[in-house]
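*Asks:* I have a structure here, written as structure tokens, and I will follow up with some questions on it.
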Amino acid sequence: KRLAFGIPEKQPPGVKELWSRAPIEAQQRAHQTCVQILAMWLGKRDREAVAKELSIPPLRVWQLSQQALSGMLAGLLKQPRSRRGRPAAEPIVSEDDPRLLKKKIETLEQRVRDRDELVRLLSQLPRPTSGPPESNSTAKGRRGAKRRDRVGGQVPGDEAPKAR
């Protein structure tokens, strides 16, 4: 019993490659089968007549019809671009790439907007009118007096709030 499945080393061939590899007789038989199935889908022929024409059982006609419908649905999906025969090219990252530059500009503009918002918020905060309270009121009085003498009678930070 096979319990572990790995990534396939070789991808299955595409539809065009399958068609080109097939012998001419197989291509003609596939074309005839396709025409018969389309006639059955359009209601021009019934399943038994198609089975008799292709000399296969009616159940096999139904199976081929379902397989053809599945293939048509898969063909209508957006197909991936293959890079068979060429090594996968690594995208070259250039500092002059417009996409990268646009993204960098966008992030920098967002940072500037965030900082402007922060400055606006900080400028709206109420400012304290006095310094932090100290437990020893005498020490505060003495330090304050010394400071006033050095600065010229006024303690820095004790200015009256300016009117806006």
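Nothing in this text is a laboratory measurement; each read-out follows from the coordinates by a stated rule. Please read all numbers here as calculations on a predicted model, not as lab measurements. Glycine also receives a Cβ, built like all others from the backbone with ideal geometry; neighbour counts cover every protein chain displayed.
*Asks:* Between Ile7 and Arg29, what is 0.36 nm times their sequence separation minus the Cα-Cα distance? Round to one decimal in nm.
*Replies:* Length gained, Ile7 through Arg29: 4.6 nm.
*Asks:* Another one. Spin-label point model (7 Å from Cα, Cβ direction): what's the Leu101 to Gln66 distance in nm?
*Replies:* 5.8 nm
*Asks:* Using r as the Cβ-Cβ distance of Arg21 and Ala74, and R0 as 30 Å, what FRET efficiency do you calculate, to the nearest 0.05?
*Replies:* 0.95
*Asks:* Return the FRET efficiency for the residue pair Trp41, Val112: r is the Cβ-Cβ distance, R0 is 45 Å, and the value is rounded to the nearest 0.05.
*Replies:* Once rounded, the FRET efficiency stands at 0.10.
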